[in-house]
Amino acid sequence: MAHEHKLEIFRGLVKFKSNTQKIWGVLVFLTIVTVIEVALGIVKPESMMAKFLGMKILNWVFIILTIVKAYYITWDFMHMRDETKALQRMVVWTAIFLVLYLLFILLQEGGYVFDVYDNGYIKKDF
Amino acid sequence: MSTAVAEGKTWGGGNEPLKSSYGKMMMWFFIVSDALTFSGFLAAYGFSRFKFIDSWPIADEVFTHFPFLHGVDAPMYYVAFMTFVLIMSSVTMVLAVDAGHQMNKSKVTIYMFLTIIGGLIFVGSQAWEWNTFIKGDYGAIQTKGGNILQFVDAEGHRVAVRDFAVSDEHKDRTQHQSKNGLWFVDEGTLPAYTMDEVIHGLQANKDVLVRTQIINEEGEKTVLSRAESLNQVMKNGKLYVEGANLHVNEYGSPLFADFFFFITGFHGFHVFSGVLINIIIFFNVVLGTYERRGSYEMVEKVGLYWHFVDLVWVFVFTFFYLV
């Protein structure tokens with residue numbers, strides 16, 4: 001059981017011959033994503049400065065790329081791909097549900113506190 | 001098959017619906033709970049950032065150093081390097097796990113060793129990063145309201161306070177120590193410059209302007225006019241700060257420094273304990289413990305932890321340095 005690995009990534013688009021080869025393949029992919037992130041962070045393209053859902057498009061791109069990286073680290077380095085569906089869901093759904101919930105509450109409240117200061121109801125700078 | 005037999009199968013024990021060993025499963029559940037801890041910290045960081053969304057420090061103006069390259073503006077290259085080191089040590093870890101599946105002791109030994117080295121390089125890099133951040137760069141003035149005023153020249157390049165402040169030879173204020181004053185009172189180190197010295201320097205250097213923390217529409221920090229610069233520093237300036245600690249932060253909001261120390265510190269502590277655990281496992285591999293046991297599953301379990309540390313760093317990297 002533990003010795004069998006699923007060797008395809010990108011939904012079967014790329015199939016590796018051995019587990020070792022897959023590890024190097026995933027490393028190359030993760031490196032490319034990191035390089036793209038750093039490049040975007042330094043260049044900061046003007047076209048990505050527009051706001052989308054309260055945040056710059058560039059920041060959304062960073063977050064999405066991060067989640068992509070997290071997926072491949074979990075699925076291929078941590079061998080989540082080889083675990084049963086039930087274990088995958090137990091780990092991933094629990095975490096995602098609670099994190100989204102927490103993020104919503106805290107970011108919403110943070111934005112509200114900012115507005116309270118910004119509209120001048122409370123002074124913070126004397 | 002009768003119901004009785006089926007029930008015996010279900011409740012008789014020995015069922016493994018997740019087809020995973022106890023140890024690995026528990027490591028997964030520990031990882032979930034630890035991930036939630038980190039999420040709590042990062043979400044709290046998000047809260048504070050949203051609260052000060054118009055004046056939060058811009059990360060690539062804060063982390064601009066690279067070892068051995070003094071005075072070179074290198075935003076993010078160093079953290080990118082750190083990220084790569086950690087991903088690399090994740091790769092050697094997963095190669096060790098793979099070699100473990102093939103019961104190849106010498107390969108597991110080599111890969112575990114490389115993983116430990118990678119972890120040590122990462123912790124060392126983080127120590128350097130902290131050191132640079134704590135020491136600070138240009139220095140700034142903190143106002144009565146707790147805001148930070150930095151200094152720039154006419155072109156908008158940062159100017160260090162030490163380059164224009166006029167040192168007063170006859171400072172009448174020395175650090176109070178319990179041996180030469182009240183024995184029950186103590187005082188921390190005095191700032192390198194008094195407000196008067198900074199104000200005199202500012203008056204003498206006509207092209208130095210003040211940069212506030214407020215982010216303008218172009219996404220840059222606002223630079224004040226010369227008159228307004230003098231006015232701000234003289235009217236509101238309270239304290240010269242250099243570097244960052246848990247109370248003051250020359251780069252902007254003190255909360256930024258607090259979260260930086262807390263979150264990267266907590267992550268660094270994870271890496272550090274990961275290295276210790278890896279060392280223990282490394283010696284067990286060398287001593288042949290797992291060879292005798294007939295399974296390298298222990299390597300797999302610490303592997304899970306080690307990858308998790310890498311996973312967390314990917315998020316810390318995004319939310320502290322990129323976004």
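The values are calculated or read from the model by the stated rules, or taken from the named source; none is laboratory data. Quantities reported herein were computed from a predicted structural model and do not represent experimental measurements. When we count neighbours, we look across all protein chains shown, and the Cβ atoms used for this are built from the backbone with ideal geometry, even at glycine.
Can you name the number of the only condition in (1) within 20 Å of the chain's Cα centre (by Cα); (2) at pLDDT below 95 that B:Val72 fails?
Against the list (1) within 20 Å of the chain's Cα centre (by Cα); (2) at pLDDT below 95, B:Val72 comes up short only on (1).
Given the conditions (1) part of a helix (DSSP H, G or I); (2) within 10 Å of another protein chain (Cβ to nearest Cβ); (3) among the acidic types (Asp, Glu), and given that B:Glu129 satisfies all but one, which numbered condition is not satisfied?
(2)
Being surrounded by 13 or more Cβ atoms within 10 Å (Cβ to Cβ), on the phi < 0 side of the Ramachandran plot, at the interface with chain B (Cβ under 7 Å from one of its Cβ atoms) and in a helix (DSSP H, G or I) is the requirement here; does A:Leu58 meet it?
So A:Leu58 does not fit the description; no.
Checking B:Thr37 against (1) in the same structural domain as B:Val312 (by TED's automatic domain parsing); (2) at negative phi; (3) surrounded by fewer than 21 Cβ atoms within 10 Å (Cβ to Cβ); (4) of a type outside the set (Lys, Arg), which test does it fail?
Status for B:Thr37: all satisfied but (1).
Only residues that are more than 8 Å from chain A (Cβ to nearest Cβ) and either closer than 24 Å to A:Glu4 by Cβ or surrounded by 22 or more Cβ atoms within 10 Å (Cβ to Cβ) (or both): list them for the range B:78-96, please.
Within the range B:78-96, B:Val79, B:Leu86, B:Ser89, B:Thr92, B:Ala96 qualify.
Can you tell me which residues in the range A:75-116 are polar (S, T, N, Q) and exposed (fewer than 13 other Cβ atoms within 10 Å of the Cβ)?
The one that is polar (S, T, N, Q) and exposed (fewer than 13 other Cβ atoms within 10 Å of the Cβ): A:Gln108.
Quick check on A:Ile67: is it aliphatic (A, V, I, L, M), surrounded by fewer than 16 Cβ atoms within 10 Å (Cβ to Cβ) and within 10 Å of another protein chain (Cβ to nearest Cβ)?
yes
Of all residues being part of a loop (DSSP other than H, G, I, E, B) and in contact with a helix residue (DSSP H, G or I) (Cβ under 9 Å, 6 or more places away or on another chain) in the range A:76-103, which is nearest to the other protein chains (Cβ to nearest Cβ)? Just the residue, please.
A:Met78
Given the residues A:Lys69, A:Lys51, which is the only one that is under 20 Å from the mean Cα position of the chain (by Cα), assigned by TED's automatic domain parsing to the domain that holds A:Ile23 and under 30 Å from B:Thr143 (Cβ atoms)?
None of the other options fit; the residue is A:Lys51.
If a residue has to be surrounded by 13 or more Cβ atoms within 10 Å (Cβ to Cβ) and either more than 8 Å from every other protein chain (Cβ to nearest Cβ) or in contact (Cβ under 8 Å) with a residue 60 or more places away in the chain (or both) to count, how many in the range A:27-38 make the cut?
Residues in the range A:27-38 being surrounded by 13 or more Cβ atoms within 10 Å (Cβ to Cβ) and either more than 8 Å from every other protein chain (Cβ to nearest Cβ) or in contact (Cβ under 8 Å) with a residue 60 or more places away in the chain (or both): 3 in total.
Which pairs have Cβ atoms under 8 Å, sit 6 or more apart or on different chains, and link a residue in the range B:34-55 that is without any contact (Cβ under 8 Å) to a residue 60 or more places away in the chain and at the interface with another protein chain (Cβ under 7 Å from one of its Cβ atoms) to one that is in a helix (DSSP H, G or I) and of a type in the set (D, E, K, R)?
Note: pairs meeting the criteria are B:Phe47/A:Glu109.
Taking the condition of being closer than 30 Å to B:Asn216 by Cβ and assigned to a strand (DSSP E or B), how many residues in the range A:1-52 meet it?
The number of residues fulfilling the criteria is 2.
Being in contact (Cβ under 8 Å) with a residue 12 or more places away in the chain, in contact with a Pro (Cβ under 9 Å, 6 or more places away or on another chain) and not in a helix (DSSP H, G or I) is true for just one of B:Gly146, B:Gly156. Which residue is that?
On inspection, the qualifying residue turns out to be B:Gly146.
Quick check on the range A:3-21: of everything there that is over 21 Å from the mean Cα position of the chain (by Cα) and in contact (Cβ under 8 Å) with a residue 24 or more places away in the chain, which residue is farthest from the other protein chains (Cβ to nearest Cβ)?
A:Lys6
When you scan the range B:250-299, how many residues do you find that are over 30 Å from B:Arg49 (Cα atoms), touching a helix residue (DSSP H, G or I) at 6+ places or on another chain (Cβ under 6 Å) and not in a helix (DSSP H, G or I)?
Here the count works out to 1.
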